[in-house]
There are 2 protein chains.
Amino acid sequence: MAEIKLTQGQKELVERLGVFYEKSGMQPASCRVMALLLVADQTELTFEEIQQSLSISKSATSGAINLLLTVNRVEYITRPGERKRYFRAKIMNWKEDMLKKIEEMTAMSVLLKEISKQRPKSTKEFNHTLIEMVSFLEFLQTEMPTIFKKWESKK
Amino acid sequence: MAEIKLTQGQKELVERLGVFYEKSGMQPASCRVMALLLVADQTELTFEEIQQSLSISKSATSGAINLLLTVNRVEYITRPGERKRYFRAKIMNWKEDMLKKIEEMTAMSVLLKEISKQRPKSTKEFNHTLIEMVSFLEFLQTEMPTIFKKWESKK
DNA sequence: TTTTTAGTTCTGCAAATACAGAACTAAGTA
DNA sequence: TACTTAGTTCTGTATTTGCAGAACTAAAAA
């Protein structure tokens, strides 16, 4: 039987980080799983370990994990001769994740551009502000590699 | 009677931008209002104009607007001798908004730091990645003014 | 003083969400 | 062959949300 023991402090961290993740709109159970995978001493947990340490049902566990798998926040490995999967947070590729987030913001800038195109010329300042936002978002995206480089060199 | 006429194209833009905003977890009606205030020819709309052009109830309109006011995405002005308020998107301060978003991300980095502190030393790579994320988020926050400056100079 | 305007607030309901529990499945084990 | 393991899938239900509709309020207008 699986037995992951969390200290009181760890349990609190799971809840706090879980609540933080919830703000992004993800379902509570997935948020808890994500948090657990960062907080637990072991970085690779089985289905059962996740289920029992969060005290949630199998269906909730299954749903939560699969959601995280499809949005690419979690991955799993297997071990030779074992059928069960070991789930872990996909944090190694946090840089790509961040780039993707920036790209999502730039997706909005496409919409903003469309909007500014169809606006009447009379609302000059407003239109200008829109265009500035678009410009900055596009700049930010192209600038990200440089920002990463600068950070690396400063470490 | 208020009469804001939206073209078909504008209506579609309101929906598309509205859906985009919904991804952030905000309630649909607020997202439509936000989108409308960017798309409509007039940049300042009254309660009634918002209500009728989105075809939503007064209570939904009230709730949506007040939410946007409290999260500082919308503001209103009044005109001498008029009681009604004219609502408009608060886009002039998009820079501060962006800084605030970065700060929210850094709020997470506080949690991540706590987590990395309580982790066992044995999961070395994992811990290191966590610390790197924290480090980058903090760097990004301090770097934002520089990034803005670079963008301005490039325009 | 009644009426209009510009909203707010209070039910109540319909739809969506999130999860538990139980039945099920597919692969490996005894 | 039956049994265990590691999940998945299918109800059902409790909770949350999102909004309509109606009643209400406070200021101004008639």
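Values in this text are rule-based calculations from the coordinates and carry no lab data. No experiment lies behind these values; they were computed from the predicted model shown. Neighbour counts run over all protein chains shown; Cβ positions are idealised from the backbone, glycine included.
Structure values in brief
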quantity	calculated
J(HN,Hα) series, segment A:45-52, from Karplus relation 6.51 cos²θ - 1.76 cosθ + 1.60, nearest Hz, glycine and proline x	10, 7, 3, 5, 4, 4, 4, 6
Debye, to nearest 20: dipole size of the protein assembly as shown, +1 on Lys, Arg Cβ, -1 on Asp, Glu Cβ	280
Residue-span extension gain [B:Glu104 to B:Val19] - 0.36 nm each, minus C-alpha spacing	28.3 nm
For A:Lys23, distant residues with modelled amide H under 5 Å away	none
Helix B:8-22 axis, angle to chain B major axis (alpha carbon atoms, nearest 10°)	30
Segment A:24-36 - phi-based ³J(HN,Hα) in whole Hz, Karplus 6.51/-1.76/1.60, Gly and Pro as x	7, x, 6, 5, x, 4, 4, 5, 5, 4, 4, 4, 4
Against the rule of thumb 2.2 N^0.38 Å, how large the Cα Rg of the protein assembly as shown comes out	1.18
Helix B:124-154 vs. chain B, principal-axis angle (Cα, 0 to 90°, nearest 10)	50
Using alpha carbons only: equivalent-ellipsoid semi-axes of chain A, gyration tensor based, whole Å	41, 18, 15
Charge-dipole axis of segment B:8-89 as Lys and Arg at +1 and Asp and Glu at -1 on Cβ define it, positive-most pick from B:Ile77, B:Ile56, B:Gly18	B:Ile77
Value at 222 nm in deg cm²/dmol, rounded to 500, when DSSP H runs of n ≥ 4 in chain A each add -39,500 (n - 2.57)	-22500 deg cm²/dmol
Environment charge of B:Phe126, counting only residues whose C-beta is closer than 9 Å and scoring Lys/Arg +1, Asp/Glu -1	+2
Gap separating the Cα centres of segment B:69-130 and segment A:110-124, nearest whole Å	26
Karplus (6.51, -1.76, 1.60) ³J(HN,Hα), θ = phi - 60°, over segment A:66-81, in Hz, Gly and Pro reported as x	5, 4, 5, 5, 6, 8, 6, 8, 9, 9, 9, 10, 10, 10, x, x
Nm distances between copies for A:Thr78, ranked from closest, using label points 7 Å along Cα→Cβ	6.9
Listed residue pairs exceeding 23 Å between alpha carbons, taken from A:Lys113/B:Lys90; A:Lys23/A:Lys155; A:Lys23/B:Lys155; A:Lys124/B:Lys101; A:Lys23/A:Lys90	A:Lys23/A:Lys155; A:Lys23/B:Lys155; A:Lys124/B:Lys101
Listed residue (B:His128, A:Thr123, A:Phe87) projecting farthest to the positive dipole end of the protein assembly as shown, Cβ model	B:His128
Check: segment A:27-110 dipole with +1 on Lys, Arg Cβ and -1 on Asp, Glu Cβ, in debye	140
Other-copy label distances relative to A:Ser59, 7 angstrom Cα-Cβ extension, nm	3.1
Given charges at beta-carbon only (K, R positive; D, E negative), |dipole| of chain A in Debye	220
Charge dipole of segment B:1-131 about the Cα centre (unit charges at C-beta), most positive-ward option of B:Ala40, B:Leu112, B:Ile102	B:Leu112
Relative contact order, percent, segment A:15-93 [alpha-carbon distance under 8 Å, six or more residues apart]	29
Amide H within-cut-off set for A:Arg85, under 5 Å, with H built and near neighbours excluded	A:Phe47
Relative contact order of chain A, defined on C-alpha pairs under 8 angstrom at six or more residues apart (%)	16
Closest-to-axis residue of chain B (Cβ criterion, axis taking B to A), whole Å	B:Gly25, 2
For A:Lys100, label point 7 Å along C-beta direction: distances to other copies, nm	2.7
Using alpha-carbon coordinates, inclination of helix B:94-118 to the longest axis of chain B, degrees	30
